Amino acid sequence: MLAGKRILLIIGGGIAAFKSLDLIRRLRESGATVVPVLTKASEEFVTPLSVSALSAEKVYRDLFDLTDEAEMGHIELSRAADLVVVAPATADLMGKMAAGLANDLASTLLMATDKRVLIAPSMNVRMWEHSATVRNFATLKGDGVLFVGPNEGSMACGEFGPGRMAEPMEIVAAVEAAIADGPLNGKHVLVTSGPTHEPIDPVRYIANRSSGAQGTAIAQALSALGAEVTFVTGPADVSPPAGVRVIEVQTAREMLAAVQAAMPADAAVFAAAVADWRMAEETTSKMKKDGKGSLPVLNFAENPDILATVSQMKKGRPDLVVGFAAETDDVVKNATAKRKRKGCDWIVANDVSPETGIMGGSENAVVVIKADGAEDWPRMGKDQVATRLAAAIAEALD
Ligand code: CTP
């Protein structure tokens, strides 16, 4: 899967560094060349000799090592790779990356690279939950850095919670997703997914039954064909796919803003079940019963239509815009009208009547409506719908 690919692996100074030795083996088994870089702190956990023996490559350690500069300068080193991976990514390294510091070899390479960066955070749960790390995480995601993990579990320090580095095979899967070869190489595809939550008051919200399964599967399938995927997701039940850029939102308006910020894109797939309405006025205090049995009146306002907004962009519209239509009656007729009304190129229509078990289930039966007519796909797993749709998108963009 990674044959001919070159990974620049930066090993940070954390207890999980021992797992990076196994990661090197796994990446090499998958066909990759692994060029290791050690930080000063990581040498307290793994030795240059073991890293070099496992990678069968020279280990890079020091920014001011003139021999290395003669052989390969740090700028060149950062660019000769297909992907830069940081595992483990400590709180310190994340902080440096977010702040743009470049005071040692690892941080300089991260600043100088023109390749995508995938990081596997690893730290104590309190450090992961510290407001500084939360801020840095958000900044790095905004910068397009890809994440794998951290996972939840017991830690070397004896505490339990999120902060454990992802397992080597999970990291390999994320690397494969990030640099897959395929017909969508060089294409940026945006995918929206999941429900949106529209607050009623600080404790209640309007939601829907979307699990995010179909959108997640589509993002994964597009990434497997080599696309660079931006995945904008509401609060979904399923975890976002590895190796794609994830932007988490709550409301329809946040989703629209995230979509607009992620442009330009070659194609966009709108699989999210966006709430059509939100509360007309935002309340900052909790609504209370008045004790006399009178019922609250909720005043709604219409949410922006994200699919229609993008489909009707005058400048910079993606070459292919794909919408979904969740219908309970007259599926093809309603979805055909929806395609026209919103101005998208394709509509993937499905029947979400409760008896179909599609909303929240693992299967889907869709009709794909294009300008020249409707194509009926048999009922199949959401993963298979995703694979077929991704292949059709690749063909259309070719
Ligand atoms: N959609 C969107 N923004 C909205 C509402 C819907 O981007 N505010 C997108 C969905 O992601 C989907 C498509 O529009 O791709 C159709 O969604 P659907 O819920 O079927 O249609 P609605 O526009 O809500 O129309 P209606 O409720 O009248 O069926």
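The values are calculated or read from the model by the stated rules, or taken from the named source; none is laboratory data. Everything numeric in this text was worked out from a predicted model, so none of it was measured. Methodologically, a virtual Cβ is constructed for each residue, glycine included, from the backbone with ideal geometry; neighbour enumeration extends over all protein chains shown. Areas reflect the complete protein model, heavy atoms only, side chains present, ligands, DNA and RNA absent. Shrake-Rupley method; radii C 1.70, N 1.55, O 1.52, S 1.80 Å.
Given Ser20, Ser30, which one is polar (S, T, N, Q) and surrounded by fewer than 24 Cβ atoms within 10 Å (Cβ to Cβ)?
Result of the check over Ser20, Ser30: Ser30.
For residues that are within 10 Å of the ligand (Cβ to nearest atom), over 24 Å from Asp398 (Cβ atoms) and without any contact (Cβ under 8 Å) to a residue 40 or more places away in the chain, scanning just the stretch 303-313, find the one that is least open to solvent (accessible area, probe 1.4 Å). Can you show your working first?
Taking the stretch 303-313 as the starting set, the residues that turn out to be within 10 Å of the ligand (Cβ to nearest atom) are 303-311.
Adding the requirement that they be over 24 Å from Asp398 (Cβ atoms) leaves 303-306, 308-309.
Still in the list and also without any contact (Cβ under 8 Å) to a residue 40 or more places away in the chain: 305, 308.
Details: Asp305: 59, Ala308: 17 Å².
Going through the qualifying residues, I end up with Ala308.
When Met380, Met359 are checked against the criterion of being more than 16 Å from the ligand (Cβ to nearest atom), farther than 16 Å from Ala396 by Cβ and surrounded by 14 or more Cβ atoms within 10 Å (Cβ to Cβ), a single residue qualifies: Met380.
On inspection, Pro241 does not qualify as within 16 Å of the ligand (Cβ to nearest atom), part of a loop (DSSP other than H, G, I, E, B) and closer than 27 Å to Gln384 by Cβ.
I'm checking my understanding of the structure. Among residues of the stretch 340-362 that are of a type in the set (Asp, Glu) and farther than 16 Å from Asn208 by Cα, which one is modelled with the highest pLDDT? Across the stretch 340-362, the extreme among qualifying residues is Asp345.
Within the stretch 278-302, the set of residues being more than 9 Å from the ligand (Cβ to nearest atom) and either hydrophobic (A, V, I, L, M, F, W, C) or within 21 Å of Ile347 (Cβ to Cβ) (or both) comprises Met279, Ala280, Met287, Leu295, Val297, Leu298, Phe300, Ala301.
Total residues in the stretch 314-334 satisfying the condition of being surrounded by 15 or more Cβ atoms within 10 Å (Cβ to Cβ) and either away from the ligand (no atom under 11 Å from the Cβ) or within 26 Å of the chain's Cα centre (by Cα) (or both): the figure is 10.
Scanning the stretch 138-169 for residues that are over 14 Å from Val86 (Cα atoms), at pLDDT 90 or above and either among the aromatic types (Phe, Trp, Tyr) or not assigned by TED's automatic domain parsing to the domain that holds Ile24 (or both) turns up nothing.
Looking across Ala257, Ala272, Ala261, Ala337, one residue alone is within 10 Å of the ligand (Cβ to nearest atom) and surrounded by fewer than 19 Cβ atoms within 10 Å (Cβ to Cβ). It is Ala337. Take the stretch 74-91 and flag every residue that is crowded, with 18+ Cβ neighbours inside 10 Å and in a helix (DSSP H, G or I). Of everything in the stretch 74-91, those that are crowded, with 18+ Cβ neighbours inside 10 Å and in a helix (DSSP H, G or I) turn out to be His74, Leu77, Ser78, Ala91.
Conditions (1) without any contact (Cβ under 8 Å) to a residue 12 or more places away in the chain; (2) surrounded by 19 or more Cβ atoms within 10 Å (Cβ to Cβ); (3) among the small types (Gly, Ala, Ser), marked per residue:
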| position | (1), (2), (3) |
| --- | --- |
| Asp114 | no, no, no |
| Leu118 | no, yes, no |
| Pro121 | no, yes, no |
| Arg126 | no, no, no |
| Ser131 | yes, no, yes |
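The number of residues in the stretch 254-281 that are within 14 Å of Ile206 (Cα to Cα) and not in a loop (DSSP other than H, G, I, E, B) comes to 4.
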